[in-house]
1. Could you list all residues from the range 312-330 that are touching a residue at least 60 places away in the same chain (Cβ under 8 Å) and either more than 16 Å from the ligand (Cβ to nearest atom) or buried (at least 21 other Cβ atoms within 10 Å of the Cβ) (or both)?
2. With respect to Val254, is the statement that it is modelled with pLDDT of 95 or more, open to solvent by less than 50 Å² (accessible area, probe 1.4 Å) and more than 11 Å from the ligand (Cβ to nearest atom) true?
3. What number goes with the only condition from (1) in contact with a Leu (Cβ under 9 Å, 6 or more places away or on another chain); (2) closer than 27 Å to Thr187 by Cα that Asp408 does not pass?
4. Considering only strands (runs of 3 or more DSSP E) fully contained in the range 217-315, which possess at least 1 residues that are under 20 Å from Ile195 (Cα atoms) and of a type in the set (A, V, I, L, M)?
5. Of the numbered conditions (1) surrounded by 24 or more Cβ atoms within 10 Å (Cβ to Cβ); (2) touching an Asp or Glu at 6+ places or on another chain (Cβ under 8 Å), Asn63 satisfies every one except a single condition; which is it?
6. Being open to solvent by 20 Å² or more (accessible area, probe 1.4 Å), among the aliphatic types (A, V, I, L, M) and closer than 17 Å to Phe392 by Cα is the filter here, so list the residues in the range 194-225 that pass it.
7. Here are some residues: Asp297, Asp276. Which one is within 14 Å of Cys240 (Cα to Cα) and away from the ligand (no atom under 11 Å from the Cβ)?
8. Taking the range 242-251 as the search range and keeping residues that are of a type outside the set (Ser, Thr, Tyr) and open to solvent by less than 100 Å² (accessible area, probe 1.4 Å), which one is nearest to the chain's Cα centre (by Cα)?
Amino acid sequence: MSEPTNEFEMAQRQFDQVAELLKLDPQVRDILRWPLREFSFRIPVRMDDGTIRIFQGFRVQHNDVRGPNKGGIRMHPAETLDMVRALATWMTWKCAVVDIPLGGGKGGVIVDPATLSTGEKERLVRGWVQQMWKNIGPRQDVPAPDVGTNPQMMGWMMDEYSKLVGQYTPGVITGKPLGGGGSQGRTEATGYGVIYTVREAMKHLKLDSTQCTAAIQGFGNVAQYAAIGFIEQLGGKVVCVSYWDREDRASYTVTKNDGIDPHFLMKITDQYGSIDKTKAKAAGYLIEDGNAWISKDVDVMIPAALGGQVNGESVHKISQKVKIIAEGANGPTTPDADVVIKERGIFLVPDFLCNAGGVTVSYFEGVQNDMNFYWTKDEVLTKLDTKMTEAFNAVLDMSIKEKVYMRDAAYMVSIARVVKAMQLRGWI
Ligand code: NAD
């Protein structure tokens, strides 16, 4: 079969394969292959120089049978409706696999936010809400930050929505700043969530975590807390992280064979996850080629940067020692690489299970907003651990029972939960 031409085609193909395994009815497949609702709209924004610029915005609501749609808003110059559709579909499966009562959504704007002033960004996100406010809300669809958007923007969007509906409504959006309706633990959530699943995978494989080493790709939000968690919670050693150097326009692997210190590296890393390699070198770190992380002799690999990094070519560089691949990033493994990983019997924690910690704490944020009562960081992270552990075990049980790869098992658990909700509500 030819390679899919875009992400949405890939999302549909992944669904089709599992629909076949689950022997789903054609009508059920027809509902789940496509988003239930799609919005495409123009956002006029007054620029600082007094001119008006028109931006293209999107929101896709894939499926809300299990609860309000949930998913981020991306700002990217190459954003497309198909990309937003794919990501909304994956959000449905991600929320279902961690069993939180939410559906799948995603939004976007075609823009490079780095070209906008602070005031222009504020007017753009307020404009997005003005177009969408009748179709979002704590009981309809709850956006969040994503590529190119941040907590401050979520604060402005919550304010705009609250003004339009005439009442303070923090639960309309998550990923808000702390003190502005945000939740403790959101910063750590995705990286720590990755580590909770790695811990469970190690238990299953009977590995002693204190004797294990890891190589991590990336050093942004997910990778930083995955590194801290691997060292401080599991007692293991992280031998390298990698990053994209914006000045050199090249990627590097930052290595220390006796173990990196993520707290030190965070001090010399900018807001985009770019490490100051001169300072790292001065502190005794080895600066290697950006691809070096993939061939390290480690027990665990955590791709936590970009999609498509473990592909048909790079998969052959993975050391024979590797026992676990935990997908912190979305879509880091291509279908060709999946075949090799499966054959080699490397234990895979698939992306929409592995990195579901972020959306889980976003759900907790909405719950706290509803109660108007806020939990401590410890309470949030304990609840997160419970959710991630239960989700991991549900997928592992399915994988053992049906003798399927962990990625297929995760899809089977999620799709079965969504289909069951459709049956219970009488949709099918
Ligand atoms: P981020 O922007 O904070 O960090 C990305 C990191 O990847 C940076 O350190 C950057 O330098 C590095 N990088 C970029 N290109 C690289 C390359 N070619 N080689 C090596 N490193 C490179 O992003 P993040 O929030 O940490 O997200 C990372 C991944 O996890 C993305 O795929 C994202 O979609 C996914 N994810 C994030 C969250 C979350 O809550 N942050 C939740 C779910 C999934």
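1. Keep residues of the range 312-330 that are touching a residue at least 60 places away in the same chain (Cβ under 8 Å), which gives 323-324, 326, 328-330.
If the condition is that a residue be touching a residue at least 60 places away in the same chain (Cβ under 8 Å) and either more than 16 Å from the ligand (Cβ to nearest atom) or buried (at least 21 other Cβ atoms within 10 Å of the Cβ) (or both), then Lys323, Ile324, Ala326, Gly328, Ala329 are the ones that fit.
2. Working: modelled with pLDDT of 95 or more: yes; open to solvent by less than 50 Å² (accessible area, probe 1.4 Å): yes; more than 11 Å from the ligand (Cβ to nearest atom): no.
So Val254 fails the test.
3. The one condition Asp408 does not meet is (2).
4. Numbers: elements: 237-245, 250-255, 286-289, 300-303.
Where strands (runs of 3 or more DSSP E) fall fully within the range 217-315 and carry at least 1 residues being under 20 Å from Ile195 (Cα atoms) and of a type in the set (A, V, I, L, M), they are 237-245, 300-303.
5. (2)
6. Hits for the range 194-225 are Leu205, Leu207.
7. On the way: Asp276 fails: within 14 Å of Cys240 (Cα to Cα).
The conditions single out Asp297.
8. First, pick out the residues of the range 242-251 that are of a type outside the set (Ser, Thr, Tyr): 244-250.
From the residues that got through so far, the ones that are open to solvent by less than 100 Å² (accessible area, probe 1.4 Å) too are 245, 248, 250.
Values: Asp245: 22, Asp248: 27, Ala250: 24 Å.
The extreme case among them is Asp245.
The values are calculated or read from the model by the stated rules, or taken from the named source; none is laboratory data. Computed from a prediction, not measured in an experiment: that's the story for all the values here. Because the Cβ atoms are built from the backbone with ideal geometry, glycine has one as well, and the counts that use them run over all protein chains shown. Note: areas computed on protein heavy atoms with side chains; ligands, DNA, RNA excluded. Shrake-Rupley method; radii C 1.70, N 1.55, O 1.52, S 1.80 Å.
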